[in-house]
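Since the structure comes first, as structure tokens, the remarks are kept for the end.
The numbers here are math on the coordinates, done by the rules we state, and not lab data. Owing to the predicted nature of the structure, the values given are computational and were not obtained by experimental measurement. No Cβ is skipped: glycine too gets one built from the backbone with ideal geometry, and neighbour counts run over all protein chains shown.
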Amino acid sequence: METTLPLPPGYRIADLVAFHGRDPEAVAERAGPDGLRKGVLLDGVPTLLDIRFDGQLARCRIDHDGPAMPALQALAQEALLNVLGLRIDPAPFAAFAQDDPVLGPVLARQPGLRIVQSATVFEALTWAIIGQQINLRFAIALRRTLIQLAGRPHSCGLLCYPEAPDVARLALEDLTSRKFSAAKAETVLRVARMAVDGSLRLDRTRDAAQVSQELLAIKGIGPWTVNYVLLRGYGYPDCSLEGDVAVRAALHNLTGSTARPTLLEAQRLLARYAPHRTMAAAYLWASLGDKSTPVE
């Protein structure tokens with residue numbers, strides 16, 4: 001199946017490349033200035049999202065290793081919106097914060113910044129669990145291990161990021177023997193098995209409060225993980241990431257405070273950007289070193 005999506009003026013291809021091209025071994029994604037090729041399991045079917053940039057257009061080919069049923073095609077279309085970062089429009093935040101003394105100057109230097117997402121909610125959730133409280137390089141290595149253990153190959157040669165049933169079949173020692181901490185391994189397996197048995201829903205039909213309540217009730221998941229999943233998985237526009245170390249470091253730098261803000265202080269500072277706190281987080285990440293994309 002082929003489809004063409006218009007890209008908004010000033011679309012920042014570099015944001016997509018930075019997020020999806022983090023793994024130097026490129027086992028599931030190959031990203032560059034010309035486009036992105038990403039493997040992902042959708043409803044149990046190995047699927048390739050092949051995106052090529054052509055001016056203000058994204059020319060997308062969706063290649064399923066199986067019958068392209070309408071429900072599967074719909075999932076692939078949703079995944080395209082996610083990986084291209086087209087779910088959250090940054091324009092309302094730009095209008096809201098253009099005169100803000102903290103983020104206004106960052107926004108002026110980096111117009112058009114947008115939130116690039118994981119292809120699926122499950123991918124965002126497992127990545128958030130894997131990446132919490134460890135350095136990015138090690139987190140990427142653990143993510144690669146999960147893909148190699150539970151993913152399946154697409155006929156193009158890329159591995160496909162796994163779905164919950166694929167991860168749920170793993171044993172704890174499959175992960176802990178490959179440098180996962182016991183706590184991370186247990187939480188990854190817990191959420192996968194809950195998604196399989198239906199006690200955890202990962203659809204986009206509910207509001208952020210319902211999703212947050214359900215995720216926070218799961219052992220091993222805290223507020224930072226929840227907000228990250230709301231941002232990178234669901235694409236909700238008002239996620240507050242006061243628990244993120246980089247967000248608090250950026251607030252410290254930009255406000256000129258004598259010390260890094262506490263969780264409560266960061267929460268208070270971020271409240272001024274509601275209902276656009278997701279984009280506020282993106283610009284706070286980007287302000288670190290004045291880079292053009294979030295570091296997470």
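As an exercise, use a Förster radius of 35 Å and the Cβ-Cβ distance of Arg206 and Asp34 to find the FRET efficiency, rounded to the nearest 0.05.
On the way: r = 37 Å, r/R0 = 1.06.
Step by step, r from the Cβ atoms, then E = 0.40.
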Distance (nanometres) between label positions extended 7 Å along Cα→Cβ at Ala249 and Ala14: 2.0 nm
Considering the convex hull of the alpha carbon atoms of region 122-262, report its projected area averaged over all viewing directions, in nm², one decimal. 10.1 nm²
Suppose every K and R has +1 on its Cβ and every D and E has -1 on its Cβ; what is the size of the dipole of region 104-201 about the Cα centre, in Debye to the nearest 20? 340 debye
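Just subtract the alpha-carbon distance of Leu263 and Val196 from 0.36 nm times their residue separation and send over the number in nm, one decimal. Provide the component values of the computation, followed by the final result.
Working: separation 67, 0.36 × 67 = 24.12 nm, distance 3.39 nm.
Full extension from Leu263 to Val196 adds 20.7 nm.
Which of the peptides 252-263, 100-111 is most tightly packed, and how do the rest follow, judged by the mean count of other Cβ atoms within 10 Å per residue? Let's see the in-between values first.
Details: 252-263: 12.5, 100-111: 16.3.
With the highest mean Cβ count within 10 Å placed first, the list reads 100-111, 252-263.
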What nm value, rounded to one decimal, do you get for the distance between Gln73 and Gln56 when each label is placed 7 Å out toward the C-beta? 2.7 nm
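Given R₀ = 41 Å, what would the calculated FRET efficiency be for Asp23 paired with Ala91, taking r from the Cβ atoms and rounding to 0.05?
0.85
If you rank Arg272, Arg22 by fewest surrounding Cβ atoms within 10 Å, what's the result?
On the way: Arg272 13, Arg22 16.
In increasing order of surrounding Cβ atoms, one gets Arg272, Arg22.
What translational diffusion coefficient, to the nearest whole µm²/s, does region 2-88 have by Stokes-Einstein, given a Kirkwood radius computed over alpha-carbon pairs, a temperature of 10 °C and 1.306 mPa s viscosity?
Working: Rh = 13.2 Å.
Value of D from the Cα-based Kirkwood radius: 120 µm²/s.
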Apply the Debye scattering formula to the chain, with a single equal point scatterer on each alpha-carbon and no solvent, then give log10 I(q)/I(0) at q = 0.09, 0.14 Å⁻¹. -0.42, -1.06
